[in-house]
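Working notes, structure below.
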Amino acid sequence: MADDVATLNSLVGEIVDLRSAASLLDWDAAVCMPPGGVGVYGNNSATIRRLAHDRFTSTQLGECLERALRQIESLPPDAELSRLVKVTARDYDRAVRVPAEYIAEQAMATSTAYQAWKEARERSDFAIFLPHLEKIIALKQQYVGFFQPLDHPYDAVLEDYEPGFRTSDIETMFGALRERQVDLARTIQNHPRSEDAFLRASYDEQVMVNFAREVISTFGFDWSRGRQDKSAHPFATPIGTDDVRITTRFDERNPFETLFSTMHEAGHALYEQGVAPVWERTVVRGGASLGVHESQSRLWENLIGRSLPFWEHFFPLLRRRFPSQLQGVSLEAFYHAINRVKSSFIRVEADEVTYNLHVMPRVEIEIALLTKAIAAKDAPDFWNAKMKEYLGIVPDSPTHGILQDMHWSIGLFGYFATYTVGNLISVQLWEKFTAERPDSSEMIRRGEFAPIREWLRTVLHRHGRSYQPRELVENITGSAISTKPYLDYLSIKYGALCGLPAGG
Ligand code: ZN
């Protein structure tokens, strides 16, 4: 009998190669493509993605998959081969529901929508983007139709990014977080604030970039299997386990963004670099979900990178690089400044306390648009009302409001909730690690990160996509994904920082 799993692997391997090539083109477009190359890139990318979709949904692959499923019946469900074939089958079942013409139409719609969004954002004019948003919503409504029956239409788009999560789970999660986070943000902002103007002094770009690179080198970012470049928006993209690329940017108004976003992207990259080689050239290579991925970036950026022990180690080094900017600034003052809580318009600049309050309005708008509870033209008012309700502020322009994120323009619907899921998981993993290693603060204070990275690699990274996110988190932490650890973490950290009464 022919080895059907081996045949399946060779078919899928080529599809994974095509997808990697498409990722490499995306990286190139964001990092070094000349502006005139946009048309060439568009054609190349569309062709490669169409080929990958055609091959993945082909009858040949479907038949081979069916035989492979029969072949693994006798294996334990946890065996590597079983998990490999099951993940492939799950992806296949979703992919074949979506017709190729739909994919082409969406690619076309989003490429023009992205250009319109850029112009709308530049001119702060929502009307420019409106017809494109309407088109994208109509496409998403059509997409939902491919996945019926569903408990909730939004389940169809959520499943693409957070497998196993339902709209009701997200609503329950938000319900538990909303009031507590609104209260906490309000209470903190009613307290007197410490000085943080030194964070916005003039810092040399190259010195800051180099410092950030040193930090992520100590985290264990492997430069022989990764690189860092500049782009308009920081991102991490895996071409394969042995080629993981991150980007950064430097904003003179906010020089420390370079450092924190580098730690963030390195968290994503460490995950990708840590996937077991056995999953290379399979659909299992990569992260379990966007939420699990975000748990890694937030863990390194916030739980470690904004902690006091971390800065006990790094602040003297930072001050040596920037002696004039940080002259007379104490460790304590610096730690307070980088953890300042302030309602702001922009999600990517939000602190830990207000971050989820930026996520919620976006998800609520998506659900309302998808279910036709509101029309696209009413989305800006909805947005502003939610910002007022949760953060107490109303954006001064559409650019600083509804037009700030590119997600909808490139067709990403159902994505935003994963940021909050990631925040929750990051704290649950960290609680588990610190319970196992009571000396974790000492370790960080010494600048020793290998034990953290190796633990994450062992319990999480190496598994790639072979487990569903909820199963994975439960296997590691012994508990379901929950809001309580995150809320407790915020209360304790920010209570101490702001001198709030215990439990405040
Ligand atoms: Zn991220």
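Read-outs throughout are calculated quantities, based only on the coordinates presented, and are distinct from any laboratory measurement. As the structure is a prediction and not an experimental result, all values here were calculated from the model. Methodologically, a virtual Cβ is constructed for each residue, glycine included, from the backbone with ideal geometry; neighbour enumeration extends over all protein chains shown.
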At what distance in angstrom do the alpha carbon centres of the stretch 1-79 and the stretch 413-462 lie from each other?
31
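Based on alpha-carbon positions alone, could you give the equivalent ellipsoid semi-axes of the chain from the gyration tensor, as √(5λ), descending, whole Å? Before the final figure, lay out each step's value.
On the way: eigenvalues 259, 156, 109 Å².
Here the semi-axes work out to 36, 28, 23 Å.
Cα-Cα over 21 Å: which of 342/386; 388/493; 135/230? Mind showing how you got there, number by number?
Working: 342/386 17 Å; 388/493 25 Å; 135/230 32 Å.
Pairs exceeding the cut-off: 388/493; 135/230.
Given charges of +1 on the Cβ of Lys and Arg and -1 on the Cβ of Asp and Glu, with all other atoms neutral, how large is the dipole of the stretch 106-232 about its Cα centre, in debye to the nearest 20? Can you show the working numbers first?
Values: 15 positive and 20 negative charges, 52 e Å.
Around 240 debye, computed over the stretch 106-232.
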From the backbone phi of the stretch 106-111, what are the Karplus-calculated ³J(HN,Hα) couplings (6.51 cos²θ - 1.76 cosθ + 1.60, θ = phi - 60°) in whole Hz, Gly and Pro given as x?
5, 4, 5, 4, 6, 5
Obtain the nm distance between the two label points defined at residue 410 and residue 232 by a simple spin-label model: each point lies 7 Å from its Cα along the Cα-to-C-beta direction.
1.1
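Taking 22 Å as R0, compute the FRET efficiency from the Cβ-Cβ separation of residue 96 and residue 50 and round it to 0.05.
Details: r = 15 Å, r/R0 = 0.68.
My answer for the efficiency is 0.90.
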Residues with amide H under 5 Å of residue 226's amide H, sequence separation 5 or more or different chain, H placed in the peptide plane at 1.01 Å from N; which?
244
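What is the ratio of the Cα radius of gyration of the stretch 1-128 to 2.2 N^0.38 Å, where N is its residue count, to two decimals?
Working: Rg = 19.1 Å, N = 128, 2.2 N^0.38 = 13.9 Å.
In units of the globular-protein estimate, the stretch 1-128 measures up at 1.37.
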For residue 73 paired with residue 488, estimate the spin-label separation in nm (one decimal), with each label point 7 Å from Cα along the Cα-to-Cβ line.
4.6
Given the Cα-Cα distance of residue 435 and residue 28 and 0.36 nm per residue of separation, how much length would full extension add, in nm?
142.3 nm
Derived scalar couplings ³J(HN,Hα) [the stretch 174-189; Karplus, 6.51 cos²θ - 1.76 cosθ + 1.60; whole Hz; x for Gly, Pro]
4, x, 6, 8, 3, 5, 4, 6, 4, 4, 4, 4, 5, 4, 4, 6
Lys/Arg Cβ at +1, Asp/Glu Cβ at -1, dipole of the chain taken about the Cα centre: which of 185, 38, 102 is farthest positive-ward?
185
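Using the Cα atoms of the stretch 154-206 to build a convex hull, what is its mean projected area in square nanometres? Mind showing how you got there, number by number?
On the way: hull surface 29.4 nm².
So the Cα hull casts an average projection of 7.4 nm².
Any idea what the relative contact order of the stretch 1-90 is, in percent, if you count C-alpha pairs under 8 Å spaced at least 6 apart? Each step should come with its number before you reach the end.
Details: 51 pairs, mean separation 35.7, N = 90.
Reported relative contact order: 40 percent.
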Determine the principal axes of the Cα atoms in the stretch 319-385, then give the extent along each, sorted from largest to smallest and rounded to whole angstroms.
56, 18, 17
Quick one: net charge around residue 464, please, counting Lys, Arg +1 and Asp, Glu -1 for every other residue with C-beta under 15 Å from its C-beta.
+2
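Relative to the Cα centre, what is the charge dipole magnitude of the stretch 1-148, using +1 at the beta carbon of each Lys and Arg, -1 at the beta carbon of each Asp and Glu, and rounding to the nearest 20 debye?
Numbers: 16 positive and 20 negative charges, 72 e Å.
With Lys and Arg at +1 and Asp and Glu at -1, about 340 debye.
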Dipole magnitude of the chain about its Cα centre (Cβ charges: Lys, Arg +1; Asp, Glu -1), debye to nearest 20
580
Could you please state, rounded to a whole Å, how far the C-alpha centre of the stretch 343-400 is from the C-alpha centre of the stretch 318-336?
35
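How would the stretch 38-194 be classified by its alpha-carbon gyration tensor: rounded, prolate or oblate, with rounded meaning a/c under 1.5 and the a/b versus b/c comparison settling the rest? Kindly include the intermediate steps, with their values, before the conclusion.
On the way: a/c = 2.40, a/b = 1.30, b/c = 1.85.
It comes out oblate by the Cα gyration axes.
Whole-Å semi-axes of the stretch 339-493's equivalent ellipsoid, largest first, each the root of 5 times a Cα gyration tensor eigenvalue?
On the way: eigenvalues 232, 74, 35 Å².
They are 34, 19, 13 Å, listed largest first.
Computed FRET efficiency, Cβ-Cβ of residue 224 and residue 66, R0 30 Å: what is it to the nearest 0.05? Mind showing how you got there, number by number?
Values: r = 40 Å, r/R0 = 1.35.
So the FRET efficiency works out to roughly 0.15.
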Under a no-solvent Debye model with one identical scatterer per Cα of the stretch 278-353, what's log10 I(q)/I(0) at q = 0.17 Å⁻¹?
-0.81
Loop-only trypsin sites (Lys or Arg not before Pro) in the stretch 416-466, please: DSSP not H, G, I, E or B, and at most 16 other Cβ atoms within 10 Å.
446
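If we count other beta carbons within 10 Å of each Cβ, what is the order of 334, 250, fewest first? Kindly include the intermediate steps, with their values, before the conclusion.
Numbers: 334 20, 250 16.
The most exposed by this proxy come first: 250, 334.
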